[in-house]
1. Given springs between every Cα pair under 10 Å in a Gaussian network model of the chain, which of D54, D44, D27 has the largest fluctuation?
2. Going highest first, how would you order 31-43, 14-26 by mean Cβ packing within 10 Å?
3. Under the 0.36 nm per residue contour assumption, what length would be gained going from the current alpha-carbon distance of D27 and Q50 to full extension?
4. When the accessible area of the chain is split by element with a 1.4 Å probe, what percent falls to carbon and sulfur?
5. Would you work out if the chain is rounded, prolate or oblate? Take a ≥ b ≥ c from the square roots of the eigenvalues of the alpha-carbon gyration tensor; rounded if a/c is under 1.5, else prolate when a/b is larger than b/c, oblate otherwise.
6. I need the phi-derived Karplus couplings for the range 17-22: 6.51 cos²θ - 1.76 cosθ + 1.60, θ = phi - 60°, integer Hz, Gly and Pro marked x.
7. Could you state the accessible area per residue of the range 5-66 in Å², with a 1.4 Å probe and every protein chain left in place?
8. May I ask you to derive the relative contact order of the chain, considering only C-alpha pairs under 8 Å and at least 6 residues apart, and to give it as an integer percent?
Amino acid sequence: MTLEMADCVIRHMNAFMRQCHEERVADFGEPCAYCSYAESCGYDWLARMQPLLDASNEEIQLAYKK
């Protein structure tokens, strides 16, 4: 994992935690608006996280189903 990828993952997790704390709807794309890497990754945050997801036993669900 590169430093750029690590920064991306941490930036998105921090945003998610802040959104939860503020009781806002989760918006994983929000950090891309002020990211210095956004143009180089094409705003594809999920592709940045994919190597981490592939190496993990955990899964994330991007939508909550009632």
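The values are calculated or read from the model by the stated rules, or taken from the named source; none is laboratory data. Here the structure is a predicted model, which is why all the values come from computation and not from measurement. Every residue, glycine among them, receives a Cβ derived from its backbone with ideal geometry; neighbour counts consider all protein chains shown. Only protein heavy atoms, including side chains, enter the accessible area calculation; ligands, DNA and RNA are left aside. Shrake-Rupley method; radii C 1.70, N 1.55, O 1.52, S 1.80 Å.
1. D54
2. 31-43, 14-26
3. Gain on stretching D27 to Q50: 6.5 nm.
4. Carbon and sulfur atoms account for 55 percent of the accessible area of the chain.
5. Details: a/c = 1.87, a/b = 1.18, b/c = 1.58.
Since a/c reaches 1.5 but b/c is at least a/b, the shape of the chain is classed as oblate.
6. Values per residue, Gly and Pro as x: 5, 5, 4, 4, 4, 8 Hz.
7. Details: 4790 Å² over 62 residues.
Per residue, the range 5-66 has 77 Å² of solvent-accessible surface.
8. 33
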